[in-house]
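Trainee: Just dropping this structure here.
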Amino acid sequence: MKLCLCATDPSILHCISYHGTGGPGQIAHLAPTYAAVLALSTLGTEEAYNIIDRPKLQSYLMRMKTQEGAFLMHNSGEVDVRGAYCAAVSAILTNVATPDLFDGTPEWIVSCQTYEGGFAGQPGMEAHGGYTFCSVAALVLLGHERLCDVQGLLRWLAMRQMRFEGGFQGRTNKLVDGCYSFWQAGVFPLVHSILTKQEDTALSMDSWMFDQKALQEYVLLCCQNNHGGLIDKPGKARDFYHTCYCLSGLSVAQHFLAGQLREDDVAGDPKNELRPTHPVFNISLQCAHNASHYFGKLPIPTPR
């Protein structure tokens with residue numbers, strides 16, 4: 001990405017390295033590259049969009065790809081499905097994706113689906129909520145969502161919502177955690193979209209396939225810190241990570257197909273309502289549309 005002096009968030013500018021994005025003085029890494037692309041898309045100005053050096057971003061993503069179609073998180077780093085998702089979001093939103101960039105990636109992602117139905121970080125590992133969202137969202141972005149076992153996935157997802165707490169656990173036999181309000185609940189809109197394309201006649205046209213009110217109550221009653229911010233569970237410290245994903249999950253639980261709210265869709269005070277978010281990018285629908293429209297008008301860079 002290129003540095004430019006413009007009226008945008010200086011913290012983002014300090015984190016931009018020569019080929020990708022990390023922290024100040026750090027090597028480029030796919031996770032903060034993904035985060036920076038979405039942060040700049042949320043800012044939504046032409047100045048913010050133009051910070052991204054799209055040819056260098058494309059070159060960096062191609063260097064992170066493995067022969068199997070997976071992605072390294074950074075140079076000589078670990079390989080897991082986070083890399084595939086971060087690469088897919090960064091490439092597709094900025095319109096730098098080429099067929100070669102994701103050749104073999106859907107098949108590698110599907111190899112990470114476990115006997116439980118969820119997805120692991122790598123083939124042969126344990127199914128996990130964060131990896132499952134990354135896997136399914138990447139498959140949707142790449143247009144290969146039907147490769148996965150949707151019924152097994154749905155069964156595993158449904159079992160992760162805790163009956164007593166109302167929130168979600170990340171793995172089998174683990175405690176509930178506020179961040180999975182998004183990582184698990186956020187997969188249901190994607191599954192709904194897949195089943196809609198398959199013309200599943202049993203599909204509800206009124207709600208997602210989890211208890212939306214129970215999840216809202218868990219976030220609102222158990223995950224708010226008295227001094228601001230949101231948390232994993234009562235007794236835990238607040239942090240930006242859980243604040244982000246508790247709120248993201250709350251938005252998913254409040255909105256169905258980003259349609260008109262019914263009177264009882266929002267738990268508690270009507271002021272609790274949040275904006276609907278894009279099911280794949282997890283930024284506002286308008287920001288995702290504006291960024292896609294802007295970058296979609298630009299030619300795809302020629303790989304170097």
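Trainee: Can you tell me the length gained on complete extension of the stretch R146 to E126, counting 0.36 nm per residue apart and subtracting the Cα distance?
Mentor: 5.0 nm
Trainee: Could you please state how large a percent of the accessible area of the chain is carbon and sulfur, counting protein chains only and using a 1.4 Å probe?
Mentor: 55
Trainee: Quick one: ranking R304, R54, R63, R171 by accessible area, 1.4 Å probe, largest first, what do you get?
Mentor: Ranked from most to least accessible, the order is R304, R63, R171, R54.
Trainee: May I ask for the net charge around Y218, where only other residues with Cβ less than 11 Å from the Cβ of Y218 are counted and Lys, Arg are +1 while Asp, Glu are -1?
Mentor: For residues surrounding Y218, the net value is -2.
Trainee: On a 0 to 90° scale, report how tilted helix 81-93 is relative to the longest principal axis of the chain, with both axes built from alpha carbons and the result rounded to the nearest 10.
Mentor: On a 0 to 90 degree scale, this one is about 70.
Trainee: Now, a different point. Can you tell me what percent of all Cα-Cα pairs in the range 147-294 are more than 29 Å apart?
Mentor: Everything past 29 Å amounts to 15 percent.
Trainee: As I understand it, the value is the acute angle between the Cα axis of helix 30-43 and the longest principal axis of the Cα atoms of the chain; what does it come to in degrees, rounded to 10?
Mentor: Orientation of helix 30-43: about 80 degrees from the principal axis.
Trainee: Then there is this: For the range 105-150, rounded, prolate or oblate, judged on the Cα gyration tensor with a ≥ b ≥ c (square roots of eigenvalues), a/c < 1.5 rounded, else prolate if a/b > b/c?
Mentor: prolate
Trainee: While we're here: Find the lysine pairs in the chain meeting two conditions, Cα atoms under 27 Å apart and a separation of 8 or more places or different chains, and report how many there are.
Mentor: Lysine pairs meeting the criterion: 15.
Trainee: Okay, next question. Which distance in nm do the two modelled labels at L175 and S76 give, with both placed 7 Å along the Cα-to-Cβ direction?
Mentor: Label-label distance for L175 and S76, simple model: 3.7 nm.
Trainee: To continue, here is another question. Mean-square fluctuation check for the chain, GNM, Cα pairs under 10 Å: which of G167, G104, G129 is largest?
Mentor: Answer for the Gaussian network model of the chain: G104.
Trainee: Among L153, L175, G186, whose Cα sits farthest toward the positive end of the charge dipole of the range 147-294 (+1 at Cβ of Lys/Arg, -1 at Cβ of Asp/Glu, about the Cα centre)?
Mentor: L175
Trainee: If you don't mind, another one. With a 1.4 Å probe and every protein chain left in place, work out the accessible area per residue of the chain in Å², rounded to a whole number.
Mentor: Computed with neighbouring chains in place, this is 48 Å² per residue.
Trainee: Further question: What per residue convex hull volume, in Å³, comes out for the chain when only alpha-carbon positions are used?
Mentor: Hull volume normalised by residue count: 146 Å³.
The values are calculated or read from the model by the stated rules, or taken from the named source; none is laboratory data. From a predicted model like this one, the values you see are computed outputs, not experimental measurements. Virtual Cβ from ideal backbone geometry, glycine too; neighbours counted across all protein chains shown. Side chains included, ligands, DNA and RNA excluded: accessible areas come from the protein's heavy atoms. Shrake-Rupley method; radii C 1.70, N 1.55, O 1.52, S 1.80 Å.
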